[in-house]
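Contents: one structure, followed by commentary.
The values are calculated or read from the model by the stated rules, or taken from the named source; none is laboratory data. This is a predicted model, so every value here is computed, not measured. Positions of Cβ are generated from backbone atoms using ideal geometry, with glycine treated the same way; all protein chains shown enter the neighbour counts.
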Amino acid sequence: MSNKLSFLSLLCLVAAVLSQRTTHHYVTLTSKKTKTISSCCDIENIKTYDFPNILKERVPDTPTHATVKEYILSRLHQLNQSRWSITTDVFTDQTPFGPKSFTNIIATLDPHVPKRLVLAAHYDSKYFKTGVFLGATDSALPVALILDILLTLDDKLQSRELQDHSLQVILFDGEEAFKTWTDTDSLYGSRHLAELMNSPSPYDVEGRTGIEAMEAFILLDLLGSVDPHALFYDTYPAGSKIFERLRKIEKKLHQEKQLVEHTRQHFVEQAAHGYYKIQDDHIPFLNKGVPIVHVIPVPFPSQWHKLSDNANAINWNNVLNLKKIFTLFLYEYFHLR
Ligand SMILES: *[C@@H]1O[C@H](CO)[C@@H](O)[C@H](O)[C@H]1NC(C)=O
Ligand SMILES: [Zn+2]
């Protein structure tokens with residue numbers, strides 16, 4: 001009897017420890033706090049500064065790509081440099097047009113902290129023979145949004161209550177295929193970085209690899225366009241809890257009338273595990289067991305991979321709504337004050 005009991009309590013202890021490791025504890029914000037935070041969100045800076053500076057042709061290994069890369073790095077260097085580690089992962093790979101140089105950009109807050117939430121997007125743009133492709137939604141806007149949120153929340157992130165969790169931002173190069181999407185002509189940056197982080201590397205922490213340190217990986221792509229019917233689906237079971245949190249935040253902000261021109265819920269309720277498994281920068285990390293949330297609209301914006309994916313594709317009300325949702329999510333995830 002007593003043996004059985006102690007065996008049971010041991011089991012309970014093991015279960016408790018396991019659930020500790022897999023369950024993230026969020027704070028839930030009151031309506032008042034939700035309103036206060038979301039009413040402070042604005043998009044002036046993204047609209048006038050970050051987005052226009054990123055909205056240039058960004059084909060890897062070209063001069064305008066280098067200009068944008070330098071711009072992104074200069075913005076990341078405005079974060080508190082005694083807390084953030086800003087690094088680049090530079091490499092050469094074979095492409096259908098010969099060898100090209102690529103640069104992933106990684107910003108890690110408190111790099112000694114063992115659990116990381118990753119926010120990611122790609123900053124390269126697709127090569128077009130027929131004209132200048134700016135890739136406003138693909139992914140100038142997501143990159144601008146991430147930079148803006150980081151710089152706005154830097155103080156609060158530094159003084160977060162959840163000090164054993166940190167934030168890592170990854171801006172990938174070479175997501176796009178130069179010719180036709182294949183396993184070797186696409187995802188140049190994410191394939192390289194996932195391999196690098198899967199073995200001992202500068203991204204290790206406390207004996208764990210950069211991959212093992214990732215509690216979750218949220219990828220933003222094709223965001224900011226006008227299509228009110230585009231939906232986000234909960235595709236990967238391991239990322240469901242985060243997706244659910246984003247969905248609830250969108251719903252709460254809607255109820256509190258904090259979203260503009262918001263005619264429907266975009267983060268959809270019913271899980272679509274296994275559907276819409278879209279090829280994107282999360283795949284090399286998914287394949288290494290990292291929990292994924294892929295925030296990409298289905299259907300894709302009507303301007304997708306057309307020259308019309310330019311500044312006119314952006315709906316700034318939609319961008320403001322996205323900024324509010326992700327800002328509140330970071331408050332809840334990191335217990336910001
Ligand atoms: C930057 O971080 C250091 C170390 O935590 C802190 O002492 C300093 O006040 C911070 N600077 C700013 C501008 O927040
Ligand atoms: Zn694309």
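Scanning the stretch 295-305 for residues that are surrounded by 15 or more Cβ atoms within 10 Å (Cβ to Cβ) and either more than 14 Å from ligand 2 (Cβ to nearest atom) or hydroxyl-bearing (Ser, Thr, Tyr) (or both) yields 295, 298.
Quick grid of which residues meet (1) within 16 Å of ligand 1 (Cβ to nearest atom); (2) more than 19 Å from residue 104 (Cα to Cα); (3) not charged (D, E, K, R):
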site: 121; (1), (2), (3): no, no, yes
site: 126; (1), (2), (3): no, no, no
site: 130; (1), (2), (3): no, yes, yes
site: 141; (1), (2), (3): no, no, yes
site: 144; (1), (2), (3): no, no, yes
site: 148; (1), (2), (3): no, no, no
site: 151; (1), (2), (3): yes, yes, yes
site: 158; (1), (2), (3): yes, yes, yes
site: 161; (1), (2), (3): yes, yes, no
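Considering (1) under 25 Å from residue 77 (Cα atoms); (2) within 16 Å of ligand 2 (Cβ to nearest atom); (3) touching a helix residue (DSSP H, G or I) at 6+ places or on another chain (Cβ under 8 Å), the lone condition that residue 224 does not fulfil carries the number (1). Selection of the stretch 36-79 for residues being among the hydroxyl-bearing types (Ser, Thr, Tyr) and either crowded, with 18+ Cβ neighbours inside 10 Å or assigned to a helix (DSSP H, G or I) (or both) yields 36, 38, 39, 48, 49, 64, 67, 71, 74.
The strands (runs of 3 or more DSSP E) found wholly in the stretch 82-184 and carrying at least 1 residues that are away from ligand 2 (no atom under 16 Å from the Cβ) and over 30 Å from residue 23 (Cβ atoms) occupy 84-95, 98-109. Annotation note: Cβ proximity below 7 Å between a residue of the stretch 154-173 that is surrounded by fewer than 21 Cβ atoms within 10 Å (Cβ to Cβ) and a residue that is at pLDDT 95 or above and of a type in the set (S, T, N, Q) (sequence gap 6+ or interchain) occurs for 154/80; 158/80.
Take residue 244 and decide whether it is under 21 Å from the mean Cα position of the chain (by Cα), within 21 Å of residue 274 (Cα to Cα) and either touching a residue at least 60 places away in the same chain (Cβ under 8 Å) or in a loop (DSSP other than H, G, I, E, B) (or both). For residue 244, the condition - under 21 Å from the mean Cα position of the chain (by Cα), within 21 Å of residue 274 (Cα to Cα) and either touching a residue at least 60 places away in the same chain (Cβ under 8 Å) or in a loop (DSSP other than H, G, I, E, B) (or both) - is not met. Restricting to the stretch 306-319, what's the tally of residues that are out of contact with any Leu (no Cβ under 9 Å at 6 or more places or on another chain) and within 13 Å of ligand 2 (Cβ to nearest atom)? Of the residues in that region, 1 qualify.
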